[in-house]
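K.L.:
Input: one structure, supplied below.
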Amino acid sequence: MLDTLLKLDGDILLWIQDNLRAGWLDPIMKFITYLANGGALWIGICVLLLILKKTRTTGLVCSCSLAVTFLINNIILKNIIARTRPYEVVEGLNRIIGAQSDFSFPSGHSGASFAVAVVMFMEMPKKYGVPALIVATLIAFSRLYVGVHYPFDVIAGVLTGTIYAVITVAIYRKFFKDKKHSEK
């Protein structure tokens, strides 16, 4: 069963490479994936939210969610699971960005993206939350497109980032929020 799932993971990447990659789209997908390198986009959004008085609490919740995701996904899970990157083992798969320096599972880009975007969706007006989720989804897909993550890595990143965000918001609402959603 596990062998079948692992083969499916690689087959999906090869299908993406063979059917969705296009010369004109490659630089766009590289740009999208680079947006989240080191959490840069999401850290920037957290800082912006923290600076603006009206969104300061949301910025704090986003920052906490991002920090938890980084700690659990990138520091703990990646090193315990130690999954090899797909371009190292899937025959015929070509990555279109540089080699990554850490392990593959779960996707840190996907986890960080959803850790912040889900908080924004839950705590801010939809005109901010929906675009954040769209950008997070594009970043998650870009990791498959550029060939540096397996689909299950990305799914795990999306799920864990979402779970950490929901838990962080729930803790904030239960223990710290003393009035109805003031930012909605």
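K.L.:
Regarding segment 66-120, what are the three Cα extents along the principal axes, ordered largest first, in Å?
P.N.:
For segment 66-120, the Cα spread along each principal axis is 38, 23, 14 Å.
K.L.:
Run through segment 1-97 and list the chymotrypsin sites (Phe, Trp or Tyr not before Pro) located in a DSSP loop whose Cβ has at most 12 other Cβ atoms within 10 Å.
P.N.:
24
K.L.:
Something else about it: Using only the alpha-carbon atoms, how far is helix 40-51 inclined from the longest principal axis of the chain? Give it as 0 to 90 degrees, nearest 10.
P.N.:
For 40-51 against the chain, the angle is about 0 degrees.
K.L.:
By the gyration tensor of its Cα atoms, with a ≥ b ≥ c the square roots of the eigenvalues, what is the shape of segment 24-94: rounded for a/c under 1.5, prolate for a/b over b/c, or oblate? Walk me through the numbers before you get to the answer.
P.N.:
Values: a/c = 5.33, a/b = 1.58, b/c = 3.37.
Oblate is the answer for segment 24-94, as a/c is 1.5 or above yet b/c matches or exceeds a/b.
K.L.:
Next question, about the same structure. If I compute Cα extents along the principal axes in Å from the structure I just sent, which labelled value in (i) 55, 36, 25; (ii) 41, 38, 33; (iii) 61, 41, 30 lines up?
P.N.:
(i)
K.L.:
From the square roots a ≥ b ≥ c of the eigenvalues of the alpha-carbon gyration tensor of segment 1-55, which class results: rounded (a/c under 1.5), prolate (a/b over b/c), or oblate? Can you show the working numbers first?
P.N.:
Working: a/c = 4.63, a/b = 1.94, b/c = 2.38.
Here segment 1-55 falls in the oblate category.
K.L.:
What figure in square angstrom, to the nearest 10, would you give for the accessible area of residue 137 with a 1.4 Å probe?
P.N.:
My reading of the accessible area for residue 137 is about 80 Å².
The values are calculated or read from the model by the stated rules, or taken from the named source; none is laboratory data. All values derive from a computational prediction rather than experimental measurement. Positions of Cβ are backbone-derived with ideal geometry, glycine not excepted, and every protein chain shown enters the neighbour counts. We work out accessible area using only protein heavy atoms, side chains counted, and drop any ligands, DNA or RNA first. Shrake-Rupley method; radii C 1.70, N 1.55, O 1.52, S 1.80 Å.
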